[in-house]
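Colleague: Just passing along the structure, written as structure tokens.
The values are calculated or read from the model by the stated rules, or taken from the named source; none is laboratory data. As the structure is a prediction and not an experimental result, all values here were calculated from the model. All Cβ positions, even for glycine, are placed from backbone atoms using ideal geometry, and neighbour counts span all protein chains on display.
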Amino acid sequence: MAAARAPQRRPDPARDLASDMPLIEVRELSKTYTLGGEPVRALRKLSVDVERGELVAVMGPSGSGKSTFMNLVGCLDRPTKGSYRLDGIDVAQQSVDGLAALRNRKIGFVFQSFNLLPRATALANVELPMVYAGADRTRRRARAREVLAMIGLGERLHHLPTQLSGGQQQRVAIARALVNEPVLILADEPTGSLDSRTSLEIMALFQKLNASGITIVLVTHEPDVARFARRVLTFRDGKLRGDRRQEPDDAAAELAAAPLREDAA
Amino acid sequence: MTGMSYAESVRSALTALRANPLRSALTMLGIFIGVAAVIAMVAIGAGARAMVLEQIRSLGSNIMIVMPGNVTAGGVRLGAGASARLTLDDAAALEQEIPAVQIAASIVRGSQQVVAGNLNWSTVVQGVVPGFFEAREWDVSSGRLFLPEEIDRRAQVALLGQTVARTLFDESDPVGQSIRIRNVPFTIIGVLAPKGQTTFGQDQDDIVMLPFGTARHRIFGVNRANARNVGTIVIKIREGDDMAQAEDDMRALLRQRHRLQANQDDDFIIRNLTEIAATRDASSRTLALLLAAVAAVSLAVGGIGIMNIMLVSVTERTREIGVRLAVGARPRDIRSQFLIEATTLSVLGGAAGAVLGIGAAVAIASVAGWPTLVQPGSVALAIGFSGLVGIFFGFYPAQRAARLDPIEALRHE
């Protein structure tokens, strides 16, 4: 498997070649589950591209296939049929370990329920992906501190998740997603457990990260979240029913205009 | 390739185990007790064996004893020793006619009251020939052994065993002092080196040695009928000769000398002492094996306890596993994480058990007075084995954790 990857990205000929193609290239992707003996066709010959630097919202009711899409794009699962290239790499061809390496190096996950390790400090949680990338302790420490500081949590390095507010926990999770410098952030209902002001903060953070060049795919069913994305994909019955581009709202501006509360939960 | 270093994995395992201290402690209990039992049992077994081996060593090597046997007189079988038909000539014949016999040392022995000053002590008085000490590989701790001429002229000299020396003379040196046996005075010329107990628990140091002739004529008495009789003949077989073959040769010779018909029983008994002791050694070894087997079973039970708790732990931490998989852990990373946790549990339990086991061995030695011997090798083996138990019984839960589907695991509540 590939060697441990340095925090600073080095020039890589394969990458330069790959940078001409879309970051996510999905062609006739199908996924069929067997649920209680019945085949469920969660995705039906879906084709879509996501370019580098996009902020895309994936919408649709439950059962529309958006979670399946996210699992496939996130290299957590392999398609039944069709092809998926992430950053030029054919995901369907990957072994289990190959998928793990892709998740580790290319993707940062953000979940609705934060999914932090309960007994690990903020710092240790952020370090986790680097542990599996094989980075040594010193470098992990330094990089995790750097990312947490960038996210605005430089003061809370040694707090356990239970000692942090929901918004802070989600920031730790975002820091964890960023620590290995992924090409893609996949966020599944990232504001689903947060109040509206904190949601706004998180969306502002995503917009800021996107402005710095990171591609973000948000899975959500809330139009209030989707309005911050420049592109909205709508799923229904395992198929893409809408692909709309829009002028996104500015979360940071709304945040500045919103009345301050004494307690940011 | 990548992943956590071993030290880090152990640290992280300890963190996980600390999260549930009581449960971790209870899980370790099985291994803890198992290892403690192994070490204590092996220490007892090794102690017993060391004692038996010491007894074998104290006998001298390749020793057989010929004793007078029973005779059948008119259908009445008298007990062993009743015939008293071993003679000095038998001893001489054994030594001369059977090449395998290196030494045939005649002895006479009997229980006598020994008096020294105002103290007296009932002990075994034994008359010996010079070859006896050589055969038994027995030397003095102070003074000297009998000189050949002292034996020949029936000198009134004596050697004391350690027990007798201590009883009659306490701390003072008995050499040069005198004792009386049946009112016959003897000068003490030496104290014998300690021999300890025989395989049968007899104190070999509770003895007084006299020259053979002196003992027979001055203490036990002779008459015309038994003038050349001896009590026992101690035989030393030459190094490298076959003990069983020598025994057969001796039996044939003695039967011939005693003019026994083919249908008559032996009127003597030949005992292979080394063999008896070796049998005891073998049985103590068997005992040690048995104890080790019992201990191994308790370790296995401890291992099942670990497996059980690790399975619970995998279920409880399904979501954690999902998160780890999502951020790039490979199945083998998850597997080694849980394997290391199980092994840490079992090795910690094993190490604590080793401490208890050593303590128990020491306590048994001092309280019950049993000889125990804690061998560092057996301690290392027990701890190593508990590590193997952890790996063996931790493997299935770890494998289960590694096989979890990341999507399912992340969804797990």
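Colleague: For the range A:124-134, does any single residue satisfy the condition of being assigned to a loop (DSSP other than H, G, I, E, B), more than 14 Å from the chain's Cα centre (by Cα), at the interface with another protein chain (Cβ under 9 Å from one of its Cβ atoms) and over 17 Å from A:SER30 (Cα atoms)? Give the derivation first.
Modeller: Residues of the range A:124-134 that are assigned to a loop (DSSP other than H, G, I, E, B), as a first pass: A:134.
Checking the rest, the ones that are also more than 14 Å from the chain's Cα centre (by Cα) come to A:134.
Among the residues that remain, those that are also at the interface with another protein chain (Cβ under 9 Å from one of its Cβ atoms) are: A:134.
Of the ones still in play, those that are also over 17 Å from A:SER30 (Cα atoms) are A:134.
The answer is yes, given that some residue of the range A:124-134 is assigned to a loop (DSSP other than H, G, I, E, B), more than 14 Å from the chain's Cα centre (by Cα), at the interface with another protein chain (Cβ under 9 Å from one of its Cβ atoms) and over 17 Å from A:SER30 (Cα atoms).
Colleague: If A:CYS75 passes every condition in (1) touching a residue at least 12 places away in the same chain (Cβ under 8 Å); (2) more than 14 Å from chain B (Cβ to nearest Cβ) but one, which one does it miss?
Modeller: For A:CYS75, the exception is condition (2).
Colleague: Next up: Given the structure, is A:VAL91 at pLDDT 90 or above and crowded, with 23+ Cβ neighbours inside 10 Å? Give the derivation first.
Modeller: On the way: at pLDDT 90 or above: yes; crowded, with 23+ Cβ neighbours inside 10 Å: yes.
When the stated conditions are applied, A:VAL91 passes them.
Colleague: What residue, of A:GLY53, A:GLY65, A:GLY82, A:GLY37, is without any contact (Cβ under 8 Å) to a residue 12 or more places away in the chain and at positive phi? So that I can check it myself, show each step before the final result.
Modeller: Details: A:GLY53 fails: without any contact (Cβ under 8 Å) to a residue 12 or more places away in the chain; A:GLY65 fails: without any contact (Cβ under 8 Å) to a residue 12 or more places away in the chain; A:GLY82 fails: without any contact (Cβ under 8 Å) to a residue 12 or more places away in the chain.
Within the list A:GLY53, A:GLY65, A:GLY82, A:GLY37, the selection yields A:GLY37.
Colleague: Let me ask something additional. Give the residue, chosen from A:GLY167, A:GLY154, that is farther than 21 Å from A:ASN104 by Cβ and either within 10 Å of chain B (Cβ to nearest Cβ) or touching an Asp or Glu at 6+ places or on another chain (Cβ under 7 Å) (or both). Talk me through it step by step, then tell me what you get.
Modeller: Details: A:GLY154 fails: either within 10 Å of chain B (Cβ to nearest Cβ) or touching an Asp or Glu at 6+ places or on another chain (Cβ under 7 Å) (or both).
One residue alone meets the criteria, A:GLY167.
Colleague: Test each condition in (1) part of a helix (DSSP H, G or I); (2) crowded, with 17+ Cβ neighbours inside 10 Å; (3) hydroxyl-bearing (Ser, Thr, Tyr) for A:TYR84 and report the one that comes out false.
Modeller: Exception for A:TYR84: condition (1).
Colleague: Next question, about the same structure. List, please: which pairs have Cβ atoms under 9 Å, are six or more places apart or on different chains, and start with a residue in the range B:312-332 that is away from chain A (no Cβ under 11 Å) and free of Cβ contacts under 8 Å to residues at least 40 places away in the same chain and end with one that is assigned to a helix (DSSP H, G or I) and of a type in the set (Asp, Glu)?
Modeller: none
Colleague: Looking at the range B:260-288, which of its residues are without any contact (Cβ under 8 Å) to a residue 12 or more places away in the chain and loosely packed, with under 14 Cβ neighbours inside 10 Å?
Modeller: First pass over the range B:260-288, keeping only residues without any contact (Cβ under 8 Å) to a residue 12 or more places away in the chain: B:260-263, B:279, B:282-283, B:286.
B:GLN261, B:ALA262, B:ASN263, B:THR279, B:ALA282, B:SER283, B:THR286 - these are the residues of the range B:260-288 that are without any contact (Cβ under 8 Å) to a residue 12 or more places away in the chain and loosely packed, with under 14 Cβ neighbours inside 10 Å.
Table: residues versus (1) small (Gly, Ala, Ser); (2) touching a helix residue (DSSP H, G or I) at 6+ places or on another chain (Cβ under 9 Å).
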site: B:ARG255; (1), (2): no, no
site: B:PHE268; (1), (2): no, yes
site: B:ASP281; (1), (2): no, yes
site: B:SER284; (1), (2): yes, yes
site: B:ALA293; (1), (2): yes, no
site: B:GLY302; (1), (2): yes, yes
site: B:ILE306; (1), (2): no, yes
site: B:LEU311; (1), (2): no, yes
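Colleague: A follow-up question, please. How about the range A:100-115: which of its residues are within 9 Å of another protein chain (Cβ to nearest Cβ) and in a helix (DSSP H, G or I)?
Modeller: Passing the criteria: A:ALA100, A:ALA101, A:LEU102, A:ARG103, A:ASN104, A:ARG105.
Colleague: Further, regarding this structure: Which one is surrounded by the most Cβ atoms within 10 Å (Cβ to Cβ) among residues in the range B:367-413 that are assigned to a loop (DSSP other than H, G, I, E, B) and more than 14 Å from chain A (Cβ to nearest Cβ)? Let's see the steps before the verdict.
Modeller: Going through the range B:367-413, the residues assigned to a loop (DSSP other than H, G, I, E, B) turn out to be B:368-375, B:403-405, B:412-413.
Checking the rest, the ones that are also more than 14 Å from chain A (Cβ to nearest Cβ) come to B:368-375.
Details: B:ALA368: 9, B:GLY369: 7, B:TRP370: 14, B:PRO371: 16, B:THR372: 24, B:LEU373: 17, B:VAL374: 22, B:GLN375: 14.
By that ranking, first place goes to B:THR372.
Colleague: I need a count of the residues in the range A:28-50 that are surrounded by fewer than 21 Cβ atoms within 10 Å (Cβ to Cβ) and touching a strand residue (DSSP E or B) at 6+ places or on another chain (Cβ under 8 Å). Explain how you work it out, then say what you get.
Modeller: Looking only at the range A:28-50, we keep the residues that are surrounded by fewer than 21 Cβ atoms within 10 Å (Cβ to Cβ), and these are A:28, A:30, A:32-41, A:44-45, A:47-49.
Now narrow it down to the ones that are touching a strand residue (DSSP E or B) at 6+ places or on another chain (Cβ under 8 Å): A:28, A:30, A:32-34, A:39-41, A:44-45, A:47-49.
Qualifying residue count for the region: 13.
Colleague: Spot the failing condition for A:ALA149; the list is (1) within 14 Å of another protein chain (Cβ to nearest Cβ); (2) part of a helix (DSSP H, G or I), and only one is missed.
Modeller: Against the list (1) within 14 Å of another protein chain (Cβ to nearest Cβ); (2) part of a helix (DSSP H, G or I), A:ALA149 comes up short only on (1).
Colleague: Can you name the strands (runs of 3 or more DSSP E) wholly within the range A:204-265 that have at least 1 residues being β-branched (Val, Ile, Thr) and within 21 Å of the chain's Cα centre (by Cα)?
Modeller: On the way: elements: A:215-219, A:231-236, A:239-245.
In the range A:204-265, A:215-219, A:231-236 are the strands (runs of 3 or more DSSP E) which contain 1 or more residues that are β-branched (Val, Ile, Thr) and within 21 Å of the chain's Cα centre (by Cα).
Colleague: Which residues, taken from the range B:318-344, are surrounded by fewer than 24 Cβ atoms within 10 Å (Cβ to Cβ) and basic (Lys, Arg)?
Modeller: B:ARG319, B:ARG332, B:ARG335
Colleague: Considering only the range B:15-57, how many residues are among the β-branched types (Val, Ile, Thr) and more than 20 Å from B:ALA360 (Cα to Cα)?
Modeller: Looking only at the range B:15-57, we keep the residues that are among the β-branched types (Val, Ile, Thr), and these are B:15, B:27, B:31, B:33, B:35, B:38-39, B:42, B:44, B:52, B:56.
Subset that is more than 20 Å from B:ALA360 (Cα to Cα): B:15, B:27, B:52, B:56.
So the count comes out to 4.
Colleague: Quick one: which of A:THR162, A:THR198, A:THR191 is β-branched (Val, Ile, Thr), out of contact with any Phe, Trp or Tyr (no Cβ under 9 Å at 6 or more places or on another chain) and assigned to a loop (DSSP other than H, G, I, E, B)?
Modeller: Working: A:THR162 fails: assigned to a loop (DSSP other than H, G, I, E, B); A:THR198 fails: assigned to a loop (DSSP other than H, G, I, E, B).
When all the criteria are applied, what remains is A:THR191.
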